[in-house]
Protein chains: 2
Amino acid sequence: MLARLRGALSTRVPRRGEVHLGDDAAVLRPARGKALFAVDVLIEGVHFDLLLGSLEDVGWKSLEVNVSDIAAMGGIPTHAVCGVGAPPGTPLDDLFSGLMASADHHGLALVGGDLSVGPAVFVSVAILGETAGTGPVLRSGASVGDVVWCTGALGSSAAGLARLRAGRAEASAPVSTGDPLVRAYLRPSARAREGRFAAELGATAMIDVSDGLVRDAGHLAAESGVAIDLEHVPVAPGATEELALGGGEDYELVFSTPAGLDVEEAFAGEGLQRPIRIGRCREAPEGHGALVTLRGAPAPLGGWVHPL
Amino acid sequence: MLARLRGALSTRVPRRGEVHLGDDAAVLRPARGKALFAVDVLIEGVHFDLLLGSLEDVGWKSLEVNVSDIAAMGGIPTHAVCGVGAPPGTPLDDLFSGLMASADHHGLALVGGDLSVGPAVFVSVAILGETAGTGPVLRSGASVGDVVWCTGALGSSAAGLARLRAGRAEASAPVSTGDPLVRAYLRPSARAREGRFAAELGATAMIDVSDGLVRDAGHLAAESGVAIDLEHVPVAPGATEELALGGGEDYELVFSTPAGLDVEEAFAGEGLQRPIRIGRCREAPEGHGALVTLRGAPAPLGGWVHPL
């Protein structure tokens, strides 16, 4: 079984001085700066449905969500390992193909794995990154007066999932995977370059939008000891404000900067999409006041509830 | 859900300059020397049976098998993350308790995790280690004439599993978890100090015994391009030679050294159990000859077959 993973990866040549698959552990050059280390789990029936997307999609997404964690620290992803369980007969080559496409996209190396039979497909990817002199950007660094930005419009992923489900319900209306909303759900793209550049630009705090804008901005606000007034909700074409606020799984980055920084121009100057200004940090409320507000009221968390 | 893991770990203070749970990724000092990175998966019904052992045992073992991978490289384990899936209502605090007991035992930090509902319990632990100037010891460095050692007697784990299963079959004969064989199966101890010391002593190749002595010695022989003649099979009290050769999950280390090195005395001088000399490396056979031989014949692989 591990031979299949080795076979799938055998075209990759380790960096000089590194040893990847085939020993008890991979041997890697040490991180430049600080090391970053994260893990994310995707489970069939909870995080994905193989009637709505392919195993290749699952492989791709399982690494992208991890790259997104490194991006949200302002770091550079370098290496990943995967722990996989699957029922006998599962076409794991498709899964590896998606994993490797994502790894190649980000220039990181898949250096190890463990595979086993199991009652459903699960993929647990652990990722290593490095700060290489810039950052890390924590969730806790925002100050009152900081401006809050988002790297892109939100709600596509949740809208894509809704469209896929509707397409399943009506077999007469098959869903094209060329649909950008469906693609946002099945094949999200972690904002690796954007996160790194935000760190270089002096972002004070950062988080990725996995659980929904209001929840994730709320984490940033709570860790920083501020409140965030949303002044603008960036709704993706085809999505709704509700999905943009609470849909989750967009994997855009939300970050804060000191006021007065020309963030949009700086991103454009790097050939990156201009971030969208979405709000501002103010004093945290006394007592149980809302940490994230929209149009003067507590922002709705939205429908996305993490399964556990 | 993640709050439970955070709560369980909140008594731990990160090393200076590190950030553990609570951000998108953990922030760690870089590895000293080379970094080592491995992952191992344990799945309910495949790798463990909750009728035979506790979730605390599973937590302990899931980290020990990873520490064993770092030990087999001659490295020092430093940090781990866990990806966990479990049916609703699973007492995950027990799992975390076992994980943390193992982490404390080895002085490593559990720095992150992701948890989700799932159809069965699975635990995917990824571990980081460092070579810190010594090693790594790969599987591939053994030479003809090298002496082969094992850090302890073998077969306990498989004998313990057999005893547990027999105990289940006869409810009248409950099994004590004080039984050293049962303990070897449920609570294996990775040979972290031994692996490190073997590296310092100049071990030429090393592997841990997870799939059984003959299989794992065979991996070492194949990667090194040698054959191994087993001269002595170290059978644990209560086990059989068959279980020692093929039982698996012993997590002792097998390593090779140049001939003439007083390995037993050196280990004893460090306060470590004396390794057992088990064989010698010779020329690899022509064609399809056996890589591991015992008493002049191909050594039997034994009954342990990896589930996939």
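Each reported figure results from applying straightforward, stated rules to the coordinates on display, with no laboratory input. The structure presented is a predicted model; accordingly, all values stated were derived computationally and were not measured. Note that each Cβ is placed from the backbone with ideal geometry, even for glycine, and that neighbours are counted across all protein chains shown.
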Legend entry - Label point 7 Å beyond Cα along the C-beta direction, distances from A:Pro237 to other copies (nm, shortest first): 7.7
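Applying 1/(1 + (r/R0)^6) with R0 = 22 Å to the Cβ-Cβ distance of B:His105 and B:Val13, what FRET efficiency is obtained, to the nearest 0.05?
On the way: r = 18 Å, r/R0 = 0.81.
The computed FRET efficiency comes out at 0.80.
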Inset, instruction - Run down the lysines and flag those whose C-alpha is under 21 Å from the C-alpha of A:Lys34, throwing out any fewer than 8 positions away in its chain. - result: B:Lys34
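Peptide B:203-209: average number of partner chain Cβ atoms within 10 Å per residue? Before the final figure, lay out the partial values.
Values: counts 0, 0, 1, 2, 2, 1, 0.
Per-residue shielding by partner chains comes out at 1.
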Legend entry - Cα shape, region A:147-298, gyration tensor, a/c 1.5 rule: oblate
Legend entry - Under Karplus coefficients 6.51, -1.76 and 1.60, residue-wise ³J(HN,Hα) of region A:203-214 in Hz, glycine/proline x: 3, 8, 7, 7, 7, 9, 8, 9, 9, x, 4, 5
Legend entry - Per-copy distances of the B:Ala284 label point, shortest first, in nm (7 angstrom along Cα→Cβ): 6.2
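Out of the trypsin sites (Lys or Arg not before Pro) in region B:24-68, which ones are loop residues according to DSSP with at most 16 other C-beta atoms within 10 Å?
B:Arg32
If you keep only loop residues by DSSP, which GluC sites (Glu not before Pro) in region A:232-308 have at most 15 other Cβ atoms within 10 Å of their Cβ? If you can, show how the numbers build up before the last one.
On the way: sites: A:Glu241, A:Glu242, A:Glu249, A:Glu252, A:Glu264, A:Glu265, A:Glu270, A:Glu283, A:Glu286; in loops: A:Glu249, A:Glu252, A:Glu270, A:Glu286.
Filter output for region A:232-308: A:Glu270, A:Glu286.
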Legend entry - Placed amide H near A:Ala109: partners under 5 Å, 5+ positions off or other chain: A:His79, A:Ala80
Legend entry - Amide H contacts of B:Ala299 (H built 1.01 Å from N, under 5 Å, at least 5 apart or other chain): B:Val292, B:Thr293, B:Leu294
Legend entry - At 7 Å out from Cα toward Cβ: B:Gly89 inter-copy label distances (nm, ascending): 3.0
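In nm, what is the difference between 0.36 nm times the number of residues separating A:His288 and A:Ser97 and their Cα-Cα distance? Each step should come with its number before you reach the end.
On the way: separation 191, 0.36 × 191 = 68.76 nm, distance 4.76 nm.
Full extension from A:His288 to A:Ser97 adds 64.0 nm.
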Legend entry - Integer Hz, Karplus 6.51/-1.76/1.60 couplings in order for region A:62-78, x for Gly and Pro: 5, 8, 4, 5, 6, 4, 4, 5, 5, 4, 5, 9, x, x, 10, x, 10
Inset, instruction - Place the peptides B:124-131, A:88-95, B:210-217 in order of packing, highest mean first, counting for every residue the other Cβ atoms within 10 Å and averaging per peptide. - result: B:124-131, B:210-217, A:88-95
Legend entry - Derived scalar couplings ³J(HN,Hα) [region B:135-147; Karplus, 6.51 cos²θ - 1.76 cosθ + 1.60; whole Hz; x for Gly, Pro]: x, x, 9, 8, 6, 9, x, 6, 10, 4, x, 5, 8
